[in-house]
1. For the range 80-128, what is the Kirkwood hydrodynamic radius in Å, using each pair of distinct C-alpha atoms?
2. Please check: in the Gaussian network model of the chain (C-alpha springs, under 10 Å), which one of Glu26, Glu67, Glu128 has the largest mean-square fluctuation.
3. Going 7 Å from the Cα of Lys120 along its beta-carbon direction, which residues of the range 158-194 have the amide nitrogen within less than 20 Å of the resulting point?
4. What are the ³J(HN,Hα) values, in whole Hz, obtained from phi via the Karplus relation 6.51 cos²θ - 1.76 cosθ + 1.60 with θ = phi - 60°, for each residue of the range 59-67 in sequence order, with x given for Gly and Pro?
5. Starting from the Kirkwood radius over alpha-carbon pairs of the chain, derive D by Stokes-Einstein at 25 °C in a medium of 0.890 mPa s and give it in µm² s⁻¹.
6. If each of Asp97 and Phe56 carries a label point 7 Å out from its Cα toward its Cβ, how far apart are those two points in nm?
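A short reminder: the numbers here are calculations on the coordinates, not readings from a lab. Quick caveat: nothing in here was measured; it's all calculated off a predicted structure. Here Cβ is always computed from backbone atoms with ideal geometry, including for glycine, and neighbour counts include all displayed protein chains.
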Amino acid sequence: MNDESPSKGKELFVEKQNATTIFITEGDSASGSITKSRNVETQAVFSLRGKPLNCFGLTKKVVYENEEFNLLQHALNIEEGMEGLRFNNIVIATDADVDGMHIRLLLMTFFLQFFPDLVKHNHVYILETPLFRVRNKQETIYCYSEDEKADAVKKLGSKPEITRFKGLGEISPDEFGQFIGDEMKTTLMGLEAGEHIQDLLDFYMGKNTPDRQEFIINNLKVELDAPVESN
């Protein structure tokens, strides 16, 4: 006899549907770790082969002619609209380097240009993974910034081992499971009130105007690994 009420079963079904996630990764190295550590019931992986096409200013015809975009569209099941969306969460998982940021930008352009409702309804995210692992024999701390790394070094003391993750592929599957589980950190790809998608795309992906050059200069950041103080 099943004691589970229909309403409870429906709640569990909805919860599972809301948890469905597809990770869009760059290459086999990153997708390998995620594939081995994912929850096979709710999480899938779509591996890009190199950088996707810059689709700014192109018509939707390119979605069908470009193999990567066509496969991604079918994986999400959005050819006929959002009603068939197969995954509630679309998570872009790239390395935290220049190439990874470029791939994020190209994928954001793809979604904003051809499937803006995915963004408007909060379905698209960026996966945040740690930049550093600081550990000694007793404890391991994962750090998402230089400040967190400095705090971890102070906490552990006695010259702990520090690892800089240069790419997702350098994180072992056992470790990766922690970063895509219940405590997964993501950044929502959202739109500010009053923002117009075409204006955004024109500014960031259009011609290199003086306004964009000034924006880049004013917001340029150079990150250097902070020196670790010896005890």
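1. Numbers: mean 1/r = 0.0872 Å⁻¹.
About 11.5 Å for the range 80-128.
2. It is Glu67.
3. Within reach of a label on Lys120: 188-194.
4. 8, 5, 4, 5, 4, 8, 8, 8, 4
5. 123 µm²/s
6. 2.4 nm
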